[in-house]
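Trainee: Below is a structure I'd like to ask you about.
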Amino acid sequence: MNNKELLSEILPDLVYIYNERIEKYRSMLLENKMAELDMKSIIERIIEESILYRDQIIKRIGEPVNEKGKIYNMWQGIEPDDVFKEKKEFLDSLANEQLSLNNIYLSALSFDFAGNEDLRNILLVHQRGIDELYIHIRRFHDAQ
């Protein structure tokens, strides 16, 4: 795998995924589907991190101009109706979404970053943040 594939396939799909997450979770908050404060804070954190990570990728590669690719199509984001599940089930869905996103980053980090070490460092920071949020969601889930 080379740098060109990373820049032309995986990173644009990450932008699309983050755009979808931002829209979906903002909608959930606006429609008042997340009534509990603890759940709202998790969703707000997902939105904030999604905006930050998306913007950092766009700053590096620009706005995606190609169609959504195979990474986006494999994306296993939660469905809006998942919010109507029991709290613990919804937390499971959130955790699974974080795992799916983490797997995309692990794939991206397997590329050759020759000449783009700063981009690799950005993705490593993102991956760590995704992992930390996953752990937080799992702990919250287990405490229920």
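Trainee: Looking only at the stretch 106-144, which residues are in a loop (DSSP other than H, G, I, E, B) and surrounded by 12 or more Cβ atoms within 10 Å (Cβ to Cβ)?
Mentor: 109, 111, 112, 113, 116
Trainee: For the stretch 40-85, which positions are outside any loop (DSSP other than H, G, I, E, B), in contact with a Lys or Arg (Cβ under 9 Å, 6 or more places away or on another chain), at pLDDT below 85 and surrounded by 13 or more Cβ atoms within 10 Å (Cβ to Cβ)?
Mentor: 80, 83
The values are calculated or read from the model by the stated rules, or taken from the named source; none is laboratory data. Owing to the predicted nature of the structure, the values given are computational and were not obtained by experimental measurement. FYI the Cβ positions are ideal-geometry reconstructions off the backbone, even for glycines, and counts take in every protein chain you see.
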